[in-house]
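Structure first, commentary second.
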Amino acid sequence: MTRDTLSEDGTPSGGAGGGAPKALASMTGFGRADDALDGARWTWELRSVNGKGLDLRLRLPQGLEELESYCRERGGAVLTRGNVTIGLSYQRAQGEAVPHINDAALNAMLSALETVRRRVPDAAPVALDGILAQRGVVEWKEPDEDPATRAALISALKRSFDAALDALVDMRRTEGDSITALLRGQLAEIDRLRRAAEDAPCRAPEAIRKRLRSQVEALMETGVAFDAARLHQEAALLATKADIREELDRLAAHVEAATALLDGGGPVGRRLDFLAQEFNRETNTLCSKSNGTELTAIGLDLKTLIDQMREQIQNLE
């Protein structure tokens, strides 16, 4: 299985240069990575489900928003379709917090107290600790990180994101391999049913003539006069309309095209979905032209199989 990796500048490497086909990937998967540095701990979780295009939705803690562009660039380099949720749970290192006075909050509190004092002159004065205990007046902040420490943290967070993304891609491709195997089996069964329809006894010229002959004889017994030449023309027209040679040839071509897409790999889900619609179109026409119960049964089996195949295709990237 070909595996794309990411170079340090975020570009895909490996596989593409050698011309080897990419494996098919599912759009559903999960990736997780845990790591720690200097007392800080974090967990990346990536989840993807089916989607018409690629939609990356990020949930990053306050203060780490700078990672968003990196995550989008890396995700877009290896994913083509799917709704992907990217979440980061981050627990800061326990440092010695330092108190800071929020001047705006303190001034607002003092102004409110002055208003109360003017309206209620006999009110007891508010103690200083009571003022400082009000929410927002005193803020406890961690010591500022030096640039080198901050850079090391961001670099570690990026590395662990890459690990979670690799895990997601691996799961999507593993599921893609399973779907590919199912699709190959379904295409083989479609081709078998196509050959069975081609060999159906009711399609033989003698069987068609016999059926038309019995229908004409039944009509002749009613005593109604028929124009023999016109009757011959109508019979020939009915036989032409009932011919399914074109539908069978198209089904064979669609099987070949779908197999080629599976062999080529890569993000081919949309093209396979289009082919599934074409499979269904030809099968509907085959059923409408059926001139025998065995051919109708084959057509219904084809429809069921194509519906099952399309359900699997909907999961492919």
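Out of Ile131, Ile154, Ile179, Ile190, one residue alone is in contact (Cβ under 8 Å) with a residue 40 or more places away in the chain, surrounded by fewer than 18 Cβ atoms within 10 Å (Cβ to Cβ) and not basic (Lys, Arg). It is Ile154. In region 233-255, the qualifying residues are those that are surrounded by 13 or more Cβ atoms within 10 Å (Cβ to Cβ) and at pLDDT below 90, and the one that is farthest from Ala200 (Cα to Cα) is Glu234. Out of all the residues in region 256-291, which are touching an Asp or Glu at 6+ places or on another chain (Cβ under 8 Å) and at pLDDT below 90? Lys289, the sole residue that qualifies. I'm trying to understand the selection: among the residues of region 125-169, which are part of a helix (DSSP H, G or I), hydrophobic (A, V, I, L, M, F, W, C) and modelled with pLDDT under 90? Answer for region 125-169, where residues must be part of a helix (DSSP H, G or I), hydrophobic (A, V, I, L, M, F, W, C) and modelled with pLDDT under 90: Leu128, Ile131, Leu132.
The values are calculated or read from the model by the stated rules, or taken from the named source; none is laboratory data. As the structure is a computational prediction, the values presented were derived from the model and not from experiment. For neighbour counting, all protein chains shown are included, and Cβ atoms are generated from backbone atoms with ideal geometry for every residue, glycine included.
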